[in-house]
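Participant: Encoded as structure tokens, here's the structure I'll be asking about.
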Amino acid sequence: MYYYAVNTLPIKSITHKFLIRGHTQNKADSVHSVIEKSVKRAKNAGPIYSPSEYISLIKNAKKSGNKFIVKEMNFDSFFNLKLLSDETSLNLNKDVDGNIFKLTDMKAIKFTKGLGIHQHRNSYKSDTWIEANNIITSRNKKKIDEVVLKVLYTEKLPIPNRKKEDIRQLIASNIVPKFYEPFYNALF
């Protein structure tokens, strides 16, 4: 997926760091914390009845600086990456000198646009990247940038009947105000 992204999208490189569970803190952690606090404050003020309320809470969660950007997605916003895996295979187990390495030993991996190699590190302390060939095999002899991703869902996913009934009961008993009934009916 990373190799595909840097070769087909306006992305120069992607570096994935394999973090140690419980021993890290990154920017995403603080973002999630800010959002969680915003949602908690809103819930303490009263119930949240629709997903659009969460969008507003997330956008306005930060007290200073730029607001968070929320990209709203639809059922057709998701791609079938299994097809990418089926069409191509990336060999990630030999460096450029032919030495075999284990993926489980990697601490970071980097893909850069236009390079036929990837780079990886086996230590958190090292600044040295080890280069490895990106050996791509394809059933249809396609290059990675010739693969066309297909949309994963062509229609909305159905809501289970039990969930529909639960929502209808919440509306009928006025736990969810009647104002929100058109929104939920549109989902069914």
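Participant: Looking at (1) under 28 Å from residue 118 (Cα atoms); (2) loosely packed, with under 14 Cβ neighbours inside 10 Å, which is the one condition that is false for residue 72?
Facilitator: Among (1) under 28 Å from residue 118 (Cα atoms); (2) loosely packed, with under 14 Cβ neighbours inside 10 Å, residue 72 violates only (1).
Participant: Let me ask something else about it. Do the conditions hold for residue 178, that is, is it in contact with a helix residue (DSSP H, G or I) (Cβ under 8 Å, 6 or more places away or on another chain) and surrounded by fewer than 11 Cβ atoms within 10 Å (Cβ to Cβ)? Steps first, answer last, please.
Facilitator: Working: in contact with a helix residue (DSSP H, G or I) (Cβ under 8 Å, 6 or more places away or on another chain): yes; surrounded by fewer than 11 Cβ atoms within 10 Å (Cβ to Cβ): yes.
Yes.
Participant: Return the total of residues in segment 35-47 being hydrophobic (A, V, I, L, M, F, W, C) and surrounded by fewer than 14 Cβ atoms within 10 Å (Cβ to Cβ).
Facilitator: Residues meeting the conditions: 1.
Participant: Same structure again: Can you find, within segment 129-146, the residue that is surrounded by the most Cβ atoms within 10 Å (Cβ to Cβ) among those that are at pLDDT below 80 and either under 30 Å from residue 73 (Cα atoms) or among the acidic types (Asp, Glu) (or both)?
Facilitator: 144
Participant: If you go through segment 3-19, how many residues are under 24 Å from residue 123 (Cα atoms) and open to solvent by 70 Å² or more (accessible area, probe 1.4 Å)?
Facilitator: Going through segment 3-19 one residue at a time, the tally reaches 4.
Participant: If we keep just the residues of segment 45-101 that are in contact with a Phe, Trp or Tyr (Cβ under 7 Å, 6 or more places away or on another chain) and among the aliphatic types (A, V, I, L, M), which is nearest to residue 187 (Cα to Cα)?
Facilitator: 48
The values are calculated or read from the model by the stated rules, or taken from the named source; none is laboratory data. All of these numbers come straight from a predicted model, not from anything done at the bench. We place every Cβ from the backbone using ideal geometry, glycine too, and count neighbours over all the protein chains shown. Calculation scope for accessible area: heavy atoms of the full protein, side chains included, ligands and nucleic acids excluded. Shrake-Rupley method; radii C 1.70, N 1.55, O 1.52, S 1.80 Å.
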